[in-house]
Amino acid sequence: MTPSNTARWYLIQTKPRQEARAEENLLRQHFECYRPIKVPPPSRGPQGAKAGEALFPGYLFIRLDCIHDNWYPIRSTRGVSRVVSFGGQPTPVRDELIEQLRRRLAQSEAAPAATFTPGERVQVSGGSFSDIEAIFVSSDGEERSVILLNLLQREQKVRVPTRYLQCYS
């Protein structure tokens, strides 16, 4: 592949559960690929460490130069189903989106998730409820939490991204 100013990112649809195979075969053909992987939180069970999960199952990104690169081998690559197109033309993905994905995944890997105990006082530091004190109720998946807010003289359970919560000080 030729690095060039005309190279853009495109979306590849892979065959079911063959994202890794498609990526491996495209890399062997010297294409630049990106398959965002979400790293799972450390598990405490006997299973040990689990492999990362694809952020977009069934898809991966490929950087191609529409002038200099030969697109024909892509369609016959093992694991690849098709190049995502609209109106018969492959649709480019903005470089900013790829960079944003890379930054966001790097942040989630670097920052360990804060752990709160039910009944603990927390402060919301982002979103609609910024700077409001609340009580942590429970986790709701990996990235969201249930908190108890005092709104209009009534206690309301609200789900917020866990990254918006910090220990009350």
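With respect to being at pLDDT below 95, surrounded by 13 or more Cβ atoms within 10 Å (Cβ to Cβ) and charged (D, E, K, R), Lys38 fits the description. Considered as a group, the residues in the range 77-91 that are part of a strand (DSSP E or B) and of a type in the set (Ser, Thr, Tyr) include one that is most open to solvent (accessible area, probe 1.4 Å), and that residue is Ser81. Among residues of the range 157-169 being assigned to a strand (DSSP E or B) and open to solvent by less than 70 Å² (accessible area, probe 1.4 Å), the one that is farthest from Arg104 (Cα to Cα) is Val158. Out of the residues in the range 115-136 that are more than 24 Å from the chain's Cα centre (by Cα) and assigned to a strand (DSSP E or B), state the one that is surrounded by the most Cβ atoms within 10 Å (Cβ to Cβ). Per the criteria, the residue is Ala134. Hey, can you tell me all the residues within the range 65-87 that are under 15 Å from Glu23 (Cβ atoms) and in contact with a helix residue (DSSP H, G or I) (Cβ under 8 Å, 6 or more places away or on another chain)? Within the range 65-87, Ile74, Thr77, Arg78, Gly79, Val80, Val83 meet the criteria. Applying a threshold of 9 Å to beta carbon distances and a minimum spacing of six or more residues, or different chains, the list of pairs starting in the range 3-24 at a residue that is touching a residue at least 12 places away in the same chain (Cβ under 8 Å) and ending at one that is surrounded by fewer than 15 Cβ atoms within 10 Å (Cβ to Cβ) and part of a helix (DSSP H, G or I) reads Arg8/Asp95; Trp9/Asp95; Trp9/Leu97. The listed residues are Ile147, Ile67, and the only one of them that is over 22 Å from the mean Cα position of the chain (by Cα) and assigned to a strand (DSSP E or B) turns out to be Ile147. Just one of the listed residues (Ile74, Ile67, Ile12, Ile62) is surrounded by fewer than 17 Cβ atoms within 10 Å (Cβ to Cβ) and modelled with pLDDT of 80 or more, and it is Ile67.
The values are calculated or read from the model by the stated rules, or taken from the named source; none is laboratory data. On a predicted model such as this, the values are computed, not experimentally measured, just so you know. Cβ atoms come from the backbone with ideal geometry, glycine included; neighbour counts cover every protein chain shown. Accessible surface areas use protein heavy atoms only, side chains included; no ligands, DNA or RNA. Shrake-Rupley method; radii C 1.70, N 1.55, O 1.52, S 1.80 Å.
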